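Okay, here's the structure, questions in a sec.
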Amino acid sequence: MDFEAIEDQDGVRCSWNVLPNTRIEATRSVVPVSALYTPLKERPEQPPIRYEPVMCKVPCRAVLNPYCQIDVRGKLWICPFCLQRNQFPPHYKDISAHNLPPELLPRFTTIEYELPRRSPIPPVFMFVVDTCLEEDELKALKDSLILSLSLLPPHALVGLITFGTMVQLHELGHQECPKAYVFRGAKDYNVKQIQEMLGIGSS
């Protein structure tokens, strides 16, 4: 399997290519399971899909994908996360081994959905930036961030966290006087402390 080709195709790079199968293996993993994701990655060979994603039953809610087992005769699919059996919706009535929807094709492991209804919540983009870089790498990162910001929808909400020896949570609404909350990198904070410092705790 060519992981670099998959990363280039999907715009996703994971810290592990194989996930631990047991709790013991998970506790022995030194590097945490994580992913770097490229937002708004252009994929001209796969335009956005203009219908709602097919989801697994509650509480799982995983989305139909090429890793699901399917039964085209029974019009069923099995979720690879929780192993629940799910019925295909009515508009998949013509599904067959030779007529699969895009979300079940192996080359489309990442799909962008364009929902027919507009979400009442604007899209949120949180940029988490490691500032411990060489000067030329930092400049390239800055150029990439500026480009990404220019591509965001006008109604999007944007957040910025930078980290080095300190972690800074920036407030982006102040142009004249930049404001940031600073946390020491060597100190542990619990959720309540962070909520109190940011003034977002429940009243």
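With (1) under 26 Å from R13 (Cα atoms); (2) touching a Lys or Arg at 6+ places or on another chain (Cβ under 8 Å) as the list, and V129 as the residue in question, which single condition is left unmet?
It is condition (2) that V129 fails.
For a quick check of your reading of the model, give me the residue pairs whose first member lies in the stretch 174-189 and is within 18 Å of G159 (Cβ to Cβ), whose second is of a type outside the set (K, R), with beta-carbon atoms closer than 6 Å and at least 6 apart or on different chains.
Partner pairs satisfying both residue conditions: K179/E171; A180/Q168; A180/H170; Y181/L169; V182/M166; V182/Q168; F183/V167.
For the stretch 1-21: of the residues being open to solvent by 70 Å² or more (accessible area, probe 1.4 Å) and not in a helix (DSSP H, G or I), which is farthest from L151 (Cα to Cα)?
First pass over the stretch 1-21, keeping only residues open to solvent by 70 Å² or more (accessible area, probe 1.4 Å): 1-4, 8, 13, 16-19, 21.
Okay, now just the ones that are also not in a helix (DSSP H, G or I), so 1-2, 13, 16-19, 21.
Working: M1: 32, D2: 30, R13: 21, W16: 29, N17: 30, V18: 33, L19: 33, N21: 39 Å.
Of everything passing the filter in the stretch 1-21, N21 is farthest from L151 (Cα to Cα).
Let me ask another. Does any residue of the stretch 78-95 turn out to be touching a strand residue (DSSP E or B) at 6+ places or on another chain (Cβ under 6 Å) and among the aliphatic types (A, V, I, L, M)?
Yes, the stretch 78-95 has at least one match.
Considering each residue of the stretch 42-51, count those that are in contact (Cβ under 8 Å) with a residue 60 or more places away in the chain, open to solvent by 70 Å² or more (accessible area, probe 1.4 Å) and within 18 Å of the chain's Cα centre (by Cα), and give that number.
Of the residues in the stretch 42-51, 0 are in contact (Cβ under 8 Å) with a residue 60 or more places away in the chain, open to solvent by 70 Å² or more (accessible area, probe 1.4 Å) and within 18 Å of the chain's Cα centre (by Cα).
With the condition kept exactly as written, say whether any residue in the stretch 59-66 is among the aliphatic types (A, V, I, L, M), surrounded by 12 or more Cβ atoms within 10 Å (Cβ to Cβ) and part of a loop (DSSP other than H, G, I, E, B).
First, the residues of the stretch 59-66 that are among the aliphatic types (A, V, I, L, M): 62-64.
Adding the requirement that they be surrounded by 12 or more Cβ atoms within 10 Å (Cβ to Cβ) leaves 62-64.
With part of a loop (DSSP other than H, G, I, E, B) added as a condition, the list becomes 62, 64.
Yes, some residue in the stretch 59-66 is among the aliphatic types (A, V, I, L, M), surrounded by 12 or more Cβ atoms within 10 Å (Cβ to Cβ) and part of a loop (DSSP other than H, G, I, E, B).
Could you look through the stretch 22-39, keep only residues that are open to solvent by less than 80 Å² (accessible area, probe 1.4 Å) and touching a residue at least 24 places away in the same chain (Cβ under 8 Å), and pick out the one that is nearest to P154 (Cα to Cα)?
By that ranking, first place goes to P39.
The values are calculated or read from the model by the stated rules, or taken from the named source; none is laboratory data. Source: prediction; values computed, not measured. Note that we place each Cβ from the backbone using ideal geometry, even for glycine, and neighbour counts take in every protein chain shown. Just so you know, the surface numbers come from the protein's heavy atoms only, side chains and all, with ligands and any DNA or RNA stripped out. Shrake-Rupley method; radii C 1.70, N 1.55, O 1.52, S 1.80 Å.
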